[in-house]
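See structure below.
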Amino acid sequence: MSLSNQKNIHNRIIQELNAMETPQGWHEYKKEQLGSVLGKLDMSKSEKFAEYLNNRFMDAVMANNAVDMNLRWKNISDDEKIRFAQKIVNSLIELLNSDIQQNRVTLYNDNTGDVYQKSDDFIDMVYKQEIAEYLHNKLKITVQKSDYGLMGLSTTGNLGINLNWELYKGIELFLMDLRHEMMHMVDLFMPQISALDPQTRTIASRYYIDGKNGDFDLYQNNPLELNANLKRREFGLLCTERLANATYNHIKNAQQHQMSYAKVY
């Protein structure tokens, strides 16, 4: 590293430390830093991944007794809903890892954001084993009840869900918001498959502003939020369709089974 680069880094650290001395100073500094990435999104990469995540998320939903949960949603406890969300998160991580190992999703180099290119079989195997080790043993997303906001994923892996909202009295909006948080999970904790540019992702995360103090534009146009909101409408339609079809088939099969049982006896 050159002397000039070292000096720039030193000055940057001093600048941040000075900004952190007061809440207002840190807030203004974050606004300044966010300005360089607001609205910055590679739409071709992000839309493709958003569509992929829509389908994989619904696979995780359907793998966890979604039909029964759909039928009983208004009557089950908050604790059961939290457990349902936790199972979906765990299943999704397993599905994403499987796709990584089987080359079913595009991989990117962590530092440059370039598409990962396999050099040889051994190095590729080691690289993917490291990812699997991280996903299995180090990535911990903990779903818990919250009294704040709607849903939110922290940088420590805590996913809070406020079930007091009327919005979550129906399962579809609950799943739509959970899918939103799962894109945040990818961008924050799974950079190997995130469609966001590494520098953009780092700035968007480090200087994140939640928009609750009159800075809604800074929240809405943060690349993390833009990315998480992509294909939301399409996901809503997909979610409703898959749940409705599976629920209809479940009820139809149960009725046929009951009729067959009645004929025998």
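What the table below lists for this structure:
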| item | result |
| --- | --- |
| Which numbered condition Thr106 fails, given (1) over 30 Å from Leu167 (Cβ atoms); (2) open to solvent by 70 Å² or more (accessible area, probe 1.4 Å); (3) assigned to a loop (DSSP other than H, G, I, E, B) | (2) |
| Odd one out for Ser146 among (1) touching a Gly at 6+ places or on another chain (Cβ under 6 Å); (2) farther than 23 Å from Tyr52 by Cα; (3) open to solvent by 70 Å² or more (accessible area, probe 1.4 Å) | (3) |
| Cross-chain or 6+ apart pairs with Cβ under 6 Å, the range 113-133 first and without any contact (Cβ under 8 Å) to a residue 60 or more places away in the chain, then part of a helix (DSSP H, G or I) | Lys118/Asp124; Lys128/Gln101; Ala132/Asn97 |
| Helices (runs of 4 or more DSSP H) within the range 1-87 that include 1 or more residues modelled with pLDDT of 95 or more, buried (at least 17 other Cβ atoms within 10 Å of the Cβ) and hydrophobic (A, V, I, L, M, F, W, C) | 43-62, 66-72 |
| Residue match in the range 256-265 (condition: of a type in the set (Val, Ile, Thr), modelled with pLDDT under 85 and part of a helix (DSSP H, G or I)) | yes |
| Any hit, the range 224-237, residues being within 30 Å of Ile76 (Cα to Cα), surrounded by 14 or more Cβ atoms within 10 Å (Cβ to Cβ), more than 15 Å from the chain's Cα centre (by Cα) and not acidic (Asp, Glu) | yes |
| Count - residues of the range 146-193 that are over 17 Å from Ile88 (Cβ atoms), part of a helix (DSSP H, G or I) and of a type outside the set (Lys, Arg) | 4 |
| Check on Arg201, within 28 Å of Glu28 (Cα to Cα), touching a residue at least 60 places away in the same chain (Cβ under 8 Å), charged (D, E, K, R) and out of contact with any Cys (no Cβ under 8 Å at 6 or more places or on another chain) | no |
| Top-ranked residue in the range 127-163 [being over 20 Å from the mean Cα position of the chain (by Cα) and modelled with pLDDT under 95; ranked as nearest to Ile76 (Cα to Cα)] | Asp147 |
| Among the residues listed as Phe84, Phe49, Phe57, the single one being closer than 23 Å to Gly113 by Cβ and either free of Cβ contacts under 8 Å to residues at least 60 places away in the same chain or under 14 Å from the mean Cα position of the chain (by Cα) (or both) | Phe49 |
| Ile131 being more than 21 Å from Leu178 (Cβ to Cβ), part of a helix (DSSP H, G or I) and open to solvent by 70 Å² or more (accessible area, probe 1.4 Å) | no |
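The values are calculated or read from the model by the stated rules, or taken from the named source; none is laboratory data. Note that the structure is a prediction, hence the values are computed from the model and not measured. Note that we place each Cβ from the backbone using ideal geometry, even for glycine, and neighbour counts take in every protein chain shown. Ligands, DNA and RNA are excluded from the accessible area calculation, which covers all protein heavy atoms including side chains. Shrake-Rupley method; radii C 1.70, N 1.55, O 1.52, S 1.80 Å.
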